Amino acid sequence: MRMPERVFQFHGQNYHKLKRACLRHGALFKDPHFPACNQSLFYKRTPPPGLTWKRPREMCKDPRLFVDGISTRDLHQGSLGNCWMVAATSCLATEPSLWKKVIPDHTEQEWNPKRPHLYAGIFHFRFWRLGQWMDVVVDDRLPVSEDGTLLFCRSATPREFWSALLEKAYAKYEMLEG
């Protein structure tokens, strides 16, 4: 008999509880552990000029976590040299059983245009480290360059955001662990 895998909550943030609280208060989630500010991403270098943070709804009319599923062809490197993240994420896209562990509750996390009142601007992703899964919660605010493109990993489809949000979750986990 196989034991269920234990999942640890990074910074004690429980995705389901936080989402319920946001929906109850009619507010979009703002992550206090990884705020939408330059210090969250640029603790060792200077941010590019004109950097702003936007929610997917501010970047396109009909955002989606996935458009036509997940594929290795979805990904494009951002302007700041994150080819290692694109390569790792492309590998993830080849194994549905694995990406469903890394992106849990993917259908629940998806935007639903017929039920916008159920959107709370919160996502969660899981990373395997030292024999355990770590669940990392992030808000949907993403860094955008002066010309309006996502600064880091992005999808080939402008309204698809799974790769950008996954990379944000990894950046949060990496910064606070390291």
Legend entry - With 5 Å bins from 0: P(r) over region 1-71, alpha-carbon pairs, percent: 3, 10, 12, 16, 19, 19, 12, 5, 2, 1, 0, 0
Legend entry - the chain - mean residue ellipticity at 222 nm from DSSP helices (-39,500 (n - 2.57) per run, n ≥ 4, rounded to 500): -8500 deg cm²/dmol
Legend entry - Taking the convex hull of Cα positions in the chain, its mean projected area over all directions (nm²): 11.1
Legend entry - Residue exposure sequence - E167, E146 - by fewest surrounding Cβ within 10 Å: E146, E167
Legend entry - Spatially proximal lysines relative to K19 (Cα-Cα < 25 Å; intrachain offsets below 8 disregarded): K30, K54, K61, K100, K101, K114, K168, K172
Legend entry - Alpha carbon centroid spacing (whole Å) that separates region 82-152 from region 1-68: 9
Inset, instruction - Just flag the trypsin sites (Lys or Arg not before Pro) in region 90-178 sitting in loop per DSSP whose Cβ has no more than 11 other Cβ atoms within 10 Å. - result: K114
Inset, instruction - Determine, for V136, V144, V7, the number of other Cβ atoms within 10 Å of each Cβ, and report the residues in order from fewest to most. - result: V7, V144, V136
Legend entry - Neighbour-count order for S97, S71, fewest beta carbons within 10 angstrom listed first: S97, S71
Legend entry - Label-point separation, H11 to D68 (7 Å along Cα→Cβ), nm: 3.6
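Bear in mind these aren't lab numbers, they're just calculated from the coordinates by the rules spelled out. Just so we're clear, the structure is a prediction, and the values are computed from it rather than from any experiment. Virtual Cβ from ideal backbone geometry, glycine too; neighbours counted across all protein chains shown.
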